[in-house]
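Here is the structure we will look at.
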Amino acid sequence: TVDYFPFSGIYREVSLIVYAALDIIDLKIDARANGKVTIKPNIRNIDNVDYTLLFEVFDDTALIASSNQDTFIVDAPTLWTVHDPHIYYLRATITSEDSSQQHGFTFGFRDLEFKEKGFFLNGVETPLVGLNRHETYPFIGAAATAYLQFHDVVKLKELGVNYVRCSHYPPSRHFLNACDYLGLLVVNEVPGWQHIGDEAWRHIHRQNIATMINRDYNHPSIMSWSIRINESPDHPFYKDCQKLAKELDPYRPTT
């Protein structure tokens, strides 16, 4: 009788990731329309050894920029838009005297902003036409395959939709990847429905916000983070949620 079913069991892929003693655990990429790239790496360094970082940007297979600094410029990048969703690839290498590790990340160059007149993508006013989306399918519930996730984005684009709200939980990474490559804007949302619980519950909600933003930060399709529980009343607790979201991502708006 409700539109949000919290499925039990494991219904998405589970991965075991093994890192070296010196390694890049995660990496956030800010890539603006003017070509400015800012990298925020999360480094694992058990033995506290000296290391160097190298960041290389590829357009398809062509190397177009490289830097040892966490802020650099890519000249005249092709911008990510809903009509031409151009994707770049970043290769990050961390090197010490005894080891070298590489990791790859995809991203896009774009600016987004909500103004009084409306939504602007790369400085261009972009009327938003969208839908709410649940990630449930007949017979399989939320255990949708990568193909089904991709096919959903194809159908949404065919409908003339240019953005989607994920109600009420972060979607599969396959869906977000498809949105990146096909040009569909996303409002990514924390899990929950109406209820605000006690302090232990709120601690989990804050963890959910952090996990969502950290996991999905590099997707150019994500236009905002929805950090309130769906259909919940106003609550002072949401000031803490907003503060946390802005600490993790000062650039994107929240809803």
Restricting to region 142-161, give me the number of residues that are touching a residue at least 60 places away in the same chain (Cβ under 8 Å) and either open to solvent by 20 Å² or more (accessible area, probe 1.4 Å) or touching a Lys or Arg at 6+ places or on another chain (Cβ under 7 Å) (or both). 1
So, in region 26-48, of the ones that are open to solvent by less than 60 Å² (accessible area, probe 1.4 Å) and among the β-branched types (Val, Ile, Thr), which residue ends up farthest from residue 251 (Cα to Cα)? 43
When you scan region 75-118, how many residues do you find that are assigned to a strand (DSSP E or B), under 19 Å from residue 164 (Cα atoms) and open to solvent by 50 Å² or more (accessible area, probe 1.4 Å)? 2
Looking only at region 196-205, which residues are under 14 Å from residue 169 (Cβ atoms) and either exposed (fewer than 12 other Cβ atoms within 10 Å of the Cβ) or hydrophobic (A, V, I, L, M, F, W, C) (or both)? 204
Within the group 75, 30, which residue is closer than 25 Å to residue 211 by Cβ, acidic (Asp, Glu) and in contact (Cβ under 8 Å) with a residue 40 or more places away in the chain? 30
Of everything in region 206-222 that's aliphatic (A, V, I, L, M) and in a helix (DSSP H, G or I), which residue is most open to solvent (accessible area, probe 1.4 Å)? 210
Only one of 78, 136 is modelled with pLDDT under 95 and of a type in the set (Ser, Thr, Tyr); which? 136
Out of all the residues in region 142-161, which are assigned to a loop (DSSP other than H, G, I, E, B) and within 14 Å of residue 12 (Cα to Cα)? 142, 143, 144, 145
Quickly run through region 228-239 and pick out the residues that are surrounded by 15 or more Cβ atoms within 10 Å (Cβ to Cβ) and assigned to a helix (DSSP H, G or I). 237, 238
Would you call residue 164 in a helix (DSSP H, G or I) and either at pLDDT 95 or above or open to solvent by less than 40 Å² (accessible area, probe 1.4 Å) (or both)? no
Determine which member of the set 181, 251 is in a loop (DSSP other than H, G, I, E, B) and aromatic (Phe, Trp, Tyr). 251
Filter region 128-167 for residues that are touching a helix residue (DSSP H, G or I) at 6+ places or on another chain (Cβ under 7 Å) and among the hydroxyl-bearing types (Ser, Thr, Tyr) and give the result. 137
Are any residues in region 119-141 surrounded by fewer than 13 Cβ atoms within 10 Å (Cβ to Cβ) and part of a strand (DSSP E or B), and if so, which ones? 124, 125, 131
Tally the residues that are out of contact with any Ser or Thr (no Cβ under 9 Å at 6 or more places or on another chain), of a type in the set (A, V, I, L, M, F, W, C) and either surrounded by 14 or more Cβ atoms within 10 Å (Cβ to Cβ) or at positive phi (or both), restricting the search to region 49-74. 4
The lone condition residue 225 fails out of (1) farther than 25 Å from residue 89 by Cβ; (2) under 16 Å from the mean Cα position of the chain (by Cα); (3) among the hydrophobic types (A, V, I, L, M, F, W, C); (4) crowded, with 21+ Cβ neighbours inside 10 Å is (1)
Could we say that residue 181 is of a type in the set (Phe, Trp, Tyr), in contact (Cβ under 8 Å) with a residue 40 or more places away in the chain, on the phi < 0 side of the Ramachandran plot and surrounded by fewer than 19 Cβ atoms within 10 Å (Cβ to Cβ) here? yes
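The values are calculated or read from the model by the stated rules, or taken from the named source; none is laboratory data. These numbers come from a predicted model, not from an experiment. Cβ atoms come from the backbone with ideal geometry, glycine included; neighbour counts cover every protein chain shown. Quick note on the areas: whole protein, heavy atoms, side chains included, nothing else; ligands and nucleic acids left out. Shrake-Rupley method; radii C 1.70, N 1.55, O 1.52, S 1.80 Å.
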